[in-house]
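The values are calculated or read from the model by the stated rules, or taken from the named source; none is laboratory data. As the structure is a prediction and not an experimental result, all values here were calculated from the model. Glycine gets a Cβ as well: all are built from the backbone with ideal geometry, and neighbour counts include every protein chain shown.
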Amino acid sequence: MTIHRADQVGSFLRPQELLAAREDPAISPDQLREIEDRCILECLDEQKKRGFGVFTDGELRRSTFMSDFNEAVEGITDGDAVQRQWSGSIVAKLGVATGRVTAKRRMTKHEADFLKTHSPGDIKVTLPSANQFPAIAYKKGISDAVYGSFSELLWDCAPIISAEVRALADEGISYIQLDAPRYSYFIDPKWRQYVHDEMGMDPEDALDDAIKVDNAAFAGVTGRGRVHVHSSVPREQSQPVVCGRRLRPDCGEAVRSARRRCVLAGV
């Protein structure tokens with residue numbers, strides 16, 4: 001008999017109260033933290049009621065799934081941020097690399113500490129893959145003043161993610177998940193052309209680099225809890241945003257190739 005395992009991805013919709021508080025300039029940081037705490041406790045309770053065995057804070061302390069990185073580093077600022085749109089609306093401003101990217105504090109310690117106190121069971125903490133940041137935070141005319149290539153920025157981001165993975169493992173976090181490594185983008189001819197023309201890399205070499213970075217993030221933590229990668233085909237209004245409106249029949253080969261070349265547990 002085949003046994004299928006299902007798990008929650010670790011991110012939940014932000015409650016309206018929390019969204020409103022983030023937009024209210026009269027809300028102090030301490031007040032916002034109190035609202036976040038209350039919303040996370042409610043989120044944990046709902047997970048328990050539904051029979052979940054692994055618990056997450058739903059990323060409710062973050063403005064986006066990757067904002068924990070931007071807030072924990074020097075070198076990425078919002079001044080020339082790229083605006084991310086979803087269904088025609090601006091949902092976030094993503095930072096731009098304006099200096100060398102270095103860590104100024106832990107990414108998720110405050111999240112993990114709260115969960116260790118309040119979670120009714122095993123904990124999952126999510127982290128963005130380092131692969132997100134060269135594609136989003138590298139802006140020509142700004143970032144190239146400090147980084148000679150997209151790859152150079154990638155490998156400055158990589159040790160920050162790796163250090164956070166190791167710290168979470170040392171703290172006994174049961175499930176550590178890397179989000180959105182962008183492997184699926186390499187099945188899209190338009191993205192592959194962008195990698196070649198704008199990033200100046202062969203797409204296959206870029207994919208190899210992406211896989212090496214994520215393998216480096218999990219190096220040395222195997223056997224201490226579970227490590228996972230969440231990779232998907234980006235969608236908007238139920239339609240894939242790579243490979244046109246529908247995936248080509250041969251798109252799966254690139255994904256299978258990535259799986260063969262990637263030794264990450266959980267992939």
In region 196-207, which residues are under 22 Å from the mean Cα position of the chain (by Cα), free of Cβ contacts under 8 Å to residues at least 60 places away in the same chain and under 11 Å from Ser151 (Cβ atoms)?
Asp205, Ala206
Tell me which residues, restricted to region 24-61, are at pLDDT below 95, under 16 Å from Gly10 (Cβ atoms) and assigned to a loop (DSSP other than H, G, I, E, B).
Arg50, Phe52, Gly53
Among the residues in region 236-251, are any surrounded by fewer than 13 Cβ atoms within 10 Å (Cβ to Cβ), at pLDDT below 90 and not in a loop (DSSP other than H, G, I, E, B)?
yes
Filter result for Leu94 (more than 18 Å from Met199 (Cα to Cα) and either surrounded by 16 or more Cβ atoms within 10 Å (Cβ to Cβ) or modelled with pLDDT under 95 (or both))
yes
If you check Ala167, Ala254, Ala265, which single one turns out to be under 26 Å from Gln8 (Cβ atoms), of a type in the set (A, V, I, L, M) and at pLDDT below 85?
Ala265
Do the conditions hold for Cys39, that is, is it touching a helix residue (DSSP H, G or I) at 6+ places or on another chain (Cβ under 6 Å) and within 29 Å of Ser174 (Cβ to Cβ)?
yes
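Here is a list: Arg38, Arg33, Arg50, Arg14. Which entry is within 25 Å of Asp122 (Cα to Cα) and exposed (fewer than 12 other Cβ atoms within 10 Å of the Cβ)?
Working: Arg38 fails: exposed (fewer than 12 other Cβ atoms within 10 Å of the Cβ); Arg33 fails: exposed (fewer than 12 other Cβ atoms within 10 Å of the Cβ); Arg14 fails: exposed (fewer than 12 other Cβ atoms within 10 Å of the Cβ).
After applying the criteria, what remains is Arg50.
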Mind listing just one residue for me: the one in region 63-83 that is surrounded by 19 or more Cβ atoms within 10 Å (Cβ to Cβ), assigned to a strand (DSSP E or B) and of a type in the set (A, V, I, L, M, F, W, C) and, of those, modelled with the lowest pLDDT?
Ile76
